[in-house]
Amino acid sequence: MTEVRVRVPTALRDLVAGSQSVVVDSNSSGDKVTVGDVLDALAVVHPALERRVRDEMGRPRVHVNLFVGADNVRDLDGLATAIGPGAELSIIPAVSGG
Amino acid sequence: MDTLVLVGTTKGLFALRSDDGREQFELVGPSFAGEEVYATCIDTRGAGARLFTGSVSNHWGPVLRRSDDLGASWTEDERAALTFPAGSDTSLARIWQLTPGPADQPEVVYAGVEPAALFRSHDGGATFELVRGLWDHPHRPKWQPGGGGLCLHTVLVHPDDPERLLIAISAAGVYLSDDGGESWTASNTGILVPFEPGSPELEFGQCVHKVARDAGDPESLYLQHHGGIYRSDNGGRAWTAMTGIAGMDFGFPVVAHPTRPGTAYLLPLESDEYRCTPDGHCTVWRTVDGGTSWEPLTKGLPQRDAHVTVLRDAFTTDGLDPAGLYFGTRTGEVYGSIDDGDSWQLLADHLPPVVSVRAAPVG
């Protein structure tokens, strides 16, 4: 069991009673805890928040970025990116501007 | 009695409310600022009105919400009321239609979505199930999207037989079920396809924009197609072109008068390339003889430099008699009439682009 803090963007804080972050206990589905595992755990305790991040097929939404520390998981292994104890997962809306 | 008009825009939900017999409306909103609200519903079958919205955020995806206090507060089901089931290999893109079920089954609610699928709730919208009969239809892999996407935008429940359903999809056309959604038959006989060589009659593939049911005869239907206007006298089993509005084949909405037989409204647009009201005239057209003839309604509507677009679900009635009629434009105006369309007034302007309007007496 790995405890991970998930940073919640301002636009979604109403879904977690105004909190800037939530802590979830994640179980590893393999030999390491991954971003996907953290989101699976998030889906149990805060399902409305989790489905803003992933669709019902489990894919991250196109205009949502997930960062482990300072690294965008798109540049790493996506949902398979490992996340260690004490690390933070940040949910960040893409700029998607013009 | 108050009258509520829900105005869904590309930047959130607004509401117009009147407590003085529809003489004046007060605008409130936006709720869900930044979300595209393509589906709204005012369900008046229960003890109090229940509101639904289907919206989508560019970032955070689609959301279904309900309100039992006329929009003062909204709830979103914790477990997502409306999602594609595991194994469907599909995710919900947008909710296009939220329709109350039969009058005597107040817990039944239908939802039409993109990619094209029909969902049904048996618990007042708390949870929805995919209607498998349509999802498994052999035509589905061949359906092609219209300009707005592959959307199921129309759900009509027969008032005398809740097992009889009509749905319409852009650009697949009309499908009928006589067994509560277990099985479906494409029903587009008579509808031409002008955008294909030779304007063939196809079993399916028609770009039907909207269908409305006549108030007096439930077998009579009006249909706005991408390239023509049609009516049916047999519950949608066959369609006949209506030719009463010369040169105005294109448009999105069609609305039937809520109580008067043979009466319906169109808001034609100029060509499928321009898609604005023709010649700068914003005109609603009305038939009172089942579509044989049409009259232009212009009183109170802009007749100079008015190049506006009204989308398929942005024109509605409040169900009263005389009918309140309301439409919103992509340039952010909302017009209303409380005399069956004889005269109109501007109810709101400078809103974001309007994509859905629904109205009903409440309270």
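The values are calculated or read from the model by the stated rules, or taken from the named source; none is laboratory data. Owing to the predicted nature of the structure, the values given are computational and were not obtained by experimental measurement. Here the Cβ is made from the backbone with ideal geometry for all residues, glycine too, and neighbour counts use every protein chain on show.
Would you check if B:P268 is in contact with a helix residue (DSSP H, G or I) (Cβ under 9 Å, 6 or more places away or on another chain), at pLDDT below 95 and under 15 Å from B:K210 (Cβ atoms)?
Yes, satisfied.
Could you list, in sequence order, the residues of the range A:59-78 that are more than 8 Å from every other protein chain (Cβ to nearest Cβ) and over 12 Å from the mean Cα position of the chain (by Cα)?
A:V62, A:A70, A:D71, A:R74, A:D75, A:L76, A:D77
Taking strands (runs of 3 or more DSSP E) that fall entirely within the range B:288-352, which contain at least 1 residues that are closer than 21 Å to B:F250 by Cα and of a type in the set (D, E)?
Correct list: B:295-297.
Tally time: how many residues in the range B:217-259 are within 23 Å of B:R358 (Cα to Cα) and of a type in the set (F, W, Y)?
Selection size over the range B:217-259: 3.
Could you check how many residues of the range B:91-110 are crowded, with 16+ Cβ neighbours inside 10 Å and either closer than 17 Å to B:D43 by Cβ or touching a Leu at 6+ places or on another chain (Cβ under 9 Å) (or both)?
Residues in the range B:91-110 being crowded, with 16+ Cβ neighbours inside 10 Å and either closer than 17 Å to B:D43 by Cβ or touching a Leu at 6+ places or on another chain (Cβ under 9 Å) (or both): 13 in total.
Is it the case, given these coordinates, that B:G190 is surrounded by fewer than 22 Cβ atoms within 10 Å (Cβ to Cβ) and part of a loop (DSSP other than H, G, I, E, B)?
Answer is yes for this residue.
Residues of the range B:23-40 being of a type outside the set (D, E) and either under 22 Å from A:P9 (Cβ atoms) or surrounded by fewer than 24 Cβ atoms within 10 Å (Cβ to Cβ) (or both), which ones?
B:Q24, B:F25, B:L27, B:V28, B:G29, B:P30, B:S31, B:F32, B:A33, B:G34, B:V37
Can you tell me which residue in the range B:205-242 is farthest from B:T259 (Cα to Cα), limited to those that are of a type in the set (A, V, I, L, M, F, W, C) and crowded, with 22+ Cβ neighbours inside 10 Å?
B:C207
Condition test on B:I229, is it part of a strand (DSSP E or B) and touching a Leu at 6+ places or on another chain (Cβ under 6 Å)?
No: the conditions fail for B:I229.
Could you grab me the full set of residues in the range A:7-46 that are over 19 Å from B:E78 (Cα atoms), outside any helix (DSSP H, G or I) and aliphatic (A, V, I, L, M)?
Listed by number, the list holds a single entry, A:V33.
Checking B:A172 against (1) of a type outside the set (K, R); (2) within 29 Å of B:T10 (Cα to Cα); (3) surrounded by fewer than 24 Cβ atoms within 10 Å (Cβ to Cβ), which test does it fail?
All conditions are met except number (3).
Kindly indicate which of B:G290, B:G280, B:G324 is touching a residue at least 40 places away in the same chain (Cβ under 8 Å) and surrounded by fewer than 23 Cβ atoms within 10 Å (Cβ to Cβ).
After ruling out the rest, the residue left standing is B:G290.
Out of the range A:79-97, which residues are more than 12 Å from chain B (Cβ to nearest Cβ) and either acidic (D, E) or not in a strand (DSSP E or B) (or both)?
Once the filter is applied, which keeps residues that are more than 12 Å from chain B (Cβ to nearest Cβ) and either acidic (D, E) or not in a strand (DSSP E or B) (or both), the range A:79-97 yields A:L79, A:A80, A:T81, A:I83, A:G84, A:P85, A:G86, A:A87, A:E88.
Looking at (1) away from chain B (no Cβ under 14 Å); (2) surrounded by fewer than 17 Cβ atoms within 10 Å (Cβ to Cβ); (3) modelled with pLDDT of 95 or more, find the lone condition where A:S29 falls short.
Here A:S29 meets the rest and fails (3).
Please state which of the following conditions A:P9 fails to meet, knowing it meets all the rest: (1) in contact with a strand residue (DSSP E or B) (Cβ under 9 Å, 6 or more places away or on another chain); (2) without any contact (Cβ under 8 Å) to a residue 12 or more places away in the chain.
Every condition holds for A:P9 apart from (2).
State whether the residues of the range A:58-67 include one that is assigned to a helix (DSSP H, G or I) and surrounded by fewer than 18 Cβ atoms within 10 Å (Cβ to Cβ).
no
Any idea which residue in the range B:128-161 is farthest from the chain's Cα centre (by Cα), counting only those that are in a loop (DSSP other than H, G, I, E, B) and at pLDDT below 95?
Only one residue fits best here, namely B:Q144.
Inside the range A:45-57, can you point out the residues that are facing chain B (nearest Cβ under 7 Å) and buried (at least 20 other Cβ atoms within 10 Å of the Cβ)?
A:R51, A:R52, listed by residue number.
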